[in-house]
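Contents: one structure, followed by commentary.
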Amino acid sequence: MERSYIMVKPDGVERGLVGEIIKRFELKGYQLLAIQLFKPTREHLQEHYKDLKEKPFFPPLIEYMLSGPVVGMVWQGREMVKVGRRMLGETNPLNSNPGTIRGDFCIETGRNLCHGSDSVESAEREIALWFPSGVIQWERTKIQKLIY
Ligand code: RTP
């Protein structure tokens with residue numbers, strides 16, 4: 001089973017969209033393995049976004065991510081990484097289809113509500129960074145397995 005690190009960014013927490021975002025992943029059929037409200041340090045965020053450190057938008061991205069708490073989650077399920085990103089929408093919310101989280105709730109790339117791992121490899125790196133003591137492993141009942 002594939003896992004992804006999904007994070008509600010500070011604007012999502014401040015706007016009270018945490019429940020809405022969780023609801024979408026639950027209703028899709030994905031399984032929640034970990035969830036925590038974090039107030040990450042600058043160093044932690046720089047590590048999370050280390051692949052982007054040469055980008056011109058890196059400093060404002062870090063300031064935005066420091067502007068309030070974030071909700072980090074680990075979700076599991078079939079093609080979790082790819083489908084998770086599809087559910088979030090495009091990086092630029094103006095290019096995101098209605099029905100996606102960014103397409104429905106925001107208009108600015110610099111305040112685009114949520115993060116989703118971009119590969120299975122980065123998902124595992126991010127899960128280890130945000131949940132170093134591990135996540136909860138649990139099994140669905142047989143009947144739920146038939147549905148999902
Ligand atoms: P994320 O990592 O947050 O899920 O976003 P992403 O894969 O869709 O986009 P990525 O290229 O990894 O960029 C990370 C975050 O940086 C901000 N950004 N600003 N001003 C800009 O051109 C720009 N480009 C990216 C966004 O908050 C983006 O989600």
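The values are calculated or read from the model by the stated rules, or taken from the named source; none is laboratory data. These figures come from a predicted structure and were not determined experimentally. Cβ atoms come from the backbone with ideal geometry, glycine included; neighbour counts cover every protein chain shown. Areas reflect the complete protein model, heavy atoms only, side chains present, ligands, DNA and RNA absent. Shrake-Rupley method; radii C 1.70, N 1.55, O 1.52, S 1.80 Å.
A few points about this structure:
- Amide H contacts under 5 Å for Ser96: Glu90, restricted to partners 5 or more places along the chain or on a different chain, H placed in the peptide plane at 1.01 Å from N.
- Residue separation of Ala128 and Thr41 scaled by 0.36 nm, minus their Cα-Cα distance, works out to 29.7 nm of gained length.
- Among the trypsin sites (Lys or Arg not before Pro) in region 61-91, those placed in a DSSP loop whose Cβ has at most 13 other Cβ atoms within 10 Å are Arg78.
- The protection proxy used here, the mean number of other Cβ atoms lying within 10 Å of each residue, ranks peptides 47-54, 12-19 as follows, highest first: 12-19, 47-54.
- Portion, in percent, of the accessible area of region 1-144 that falls on carbon or sulfur, probe 1.4 Å: 53
- Helix axis angle, 120-130 relative to the chain longest principal axis, alpha carbon, degrees: 70
- In this simple spin-label model, placing a label point 7 Å from the Cα along the Cα-to-Cβ direction at both Trp138 and Arg86 gives a separation of 2.7 nm.
- The GluC sites (Glu not before Pro) of region 102-148 that DSSP puts in a loop, and whose beta carbon has at most 13 other beta carbons within 10 Å, are Glu139.
- Degrees, to the nearest 10: 18-28 long Cα axis against longest axis of the chain: 40
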